[in-house]
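Below you'll find the structure, written out as structure tokens, and then a few comments.
The values are calculated or read from the model by the stated rules, or taken from the named source; none is laboratory data. All of these numbers come straight from a predicted model, not from anything done at the bench. Every residue, glycine among them, receives a Cβ derived from its backbone with ideal geometry; neighbour counts consider all protein chains shown.
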Amino acid sequence: MLSCRKLLSKHIKRKNKKKIKSRKKGITPPKQNGSIVSMDEEPVNHTEEEEHEAEEGFSLKTSAQSHNHGVQPLGNLYMSSTSLNSRDTGLACVSKSFYVFCTHEPLWRNLVLETLKGGFLFDGLWRTTYIAAHYPSFDISRIGSSGLAIRDFYSDYLFQSWLCANLEMKPEWLKRDNIQRRRAISVDEFMLNFEELNKPVLLEGCLDNWEAMGKWDKDYLVRTCGDVMFSVGPVEMKLKGYFKYSDSTREERPLYLFDPKFVEKVPILGKEYEVPVYFREDLFSVLGEERPDYRWIIIGPAGSGSSFHIDPNSTSAWNAVIKGSKKWVLFPPDVIPPGVHPSPDGAEVACPVSIIEWFMNFYESTKDWKKRPIECVCKAGEVIFVPNGWWHLVINLEESIAITQNYVSRRNLLNVLEFLKKPNASELVSGTSDRINLHRKFKDAIEASFPGTIDELVRKAEAKKAEQKKRSFWEYATDSNAGAFKFSF
């Protein structure tokens, strides 16, 4: 849940306003006239220059509209002059409270996805989309014209969705860029300095020869496959229907197009990109049609993305941005991101509802960590390498189109085999219908296609482990338990 205490210590501003007159201390959604949410006790005029110089504070998107019913976070109740919460004033206000909760958009979104699947035409609101589909004779223009006046309504639950849907990414969330960047390096250099060491890297210039870079925009994709059904969250949607949705959505967790069968559905798309040279050893290919899902086209509006997760089946991955840009935050395998709570067996992960919520409540705490996250903004034409086991979060900063593939090379083959034979493989393994037998099938196929490879990798791994355990002469000489030559002082 969003931390209202944290919000009460910061400003919320609307961008591109020359002067801002502050309100009473607290957090209040902006009025329809676009006035500014502020929390200073005394009225103060801020110039645009001063506003941009302020390091602290949150900015609302210029397209942000006030909450339909002026809902405020519960913390504001304690600063209100009336101390009245209309939710708590008895039976007379039950109908108003019930009405406010029943107009909460995420509830209608669930109804639409459960009943209509992907067969809906989004018209800007999930509530009107549902009603138009189920009751076509109903005049949806009447919705919201009841004249019902609601004041002093406080709810963290309702306010959270509105706030996360309407906040801009803070500049300080974007400026940290500590990933290593490389251009035109050799495959050997990539393997030695990044893949072997299991370190992320951002590669530039890899997509210069892709046809997709010059073709793949919204218009081209609609012409090419606008009527094709793609995987969007829990449903399948026509691409042109998804774009209609993504063009007008303003919600906390926009639906994300993430389809693993796009090449089978639209073969021409598979011919307009190629795997960068660094990732062409893909050992899962020995399984042919039985290999787990491994490649996806990814499309989403600003604010869409993936919350913290580790890529499936202990694979490594590459992600290439064709249009737009993406903010990445990555933590090494031995560091669990703040606010993320994996189950002991790794089968489930609990984390904040939305990506913006994580940035608001947890991002700043990572500045003081000894093992700080790797961060970057990956732009069109760039590729990021995500090593196996790394936690990562991704958010689209603008409408984006990308390709990603997961793969197995000799550098992580043993990790993948170890993962696939875990006792709870039936819960952990993904992208295949035969989770139990995937380990046996994959190992047998590798031994048939590349005899002796697994044994050789095991020997090298054991030798490396033994080398790491070797002590230096000084460590041995100063060990009083060694029973050999030693110094005594």
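Of all residues in segment 452-462, those satisfying the criterion of being part of a helix (DSSP H, G or I) and loosely packed, with under 14 Cβ neighbours inside 10 Å are 455, 456, 458, 459, 460, 461, 462.
Inspection of segment 161-168 identifies no residue that is buried (at least 16 other Cβ atoms within 10 Å of the Cβ), touching a Phe, Trp or Tyr at 6+ places or on another chain (Cβ under 6 Å) and assigned to a loop (DSSP other than H, G, I, E, B). In segment 185-205, the residues that are under 13 Å from residue 280 (Cα atoms) form Cβ pairs under 9 Å with partners that are surrounded by fewer than 16 Cβ atoms within 10 Å (Cβ to Cβ) and not aromatic (Phe, Trp, Tyr), at six or more places apart or across chains, as follows: 187/277; 187/280; 190/277. Residues in segment 275-305 that are crowded, with 18+ Cβ neighbours inside 10 Å and among the small types (Gly, Ala, Ser): 300, 302, 303, 304, 305.
Screening segment 259-367 for helices (runs of 4 or more DSSP H) wholly inside it with 3 or more residues that are of a type in the set (Ser, Thr, Tyr), within 15 Å of the chain's Cα centre (by Cα) and modelled with pLDDT under 95 returns no ranges. Closer than 30 Å to residue 259 by Cβ, at pLDDT 90 or above, among the acidic types (Asp, Glu) and in contact with a strand residue (DSSP E or B) (Cβ under 7 Å, 6 or more places away or on another chain): is that true of residue 398 in this structure? When the stated conditions are applied, residue 398 passes them.
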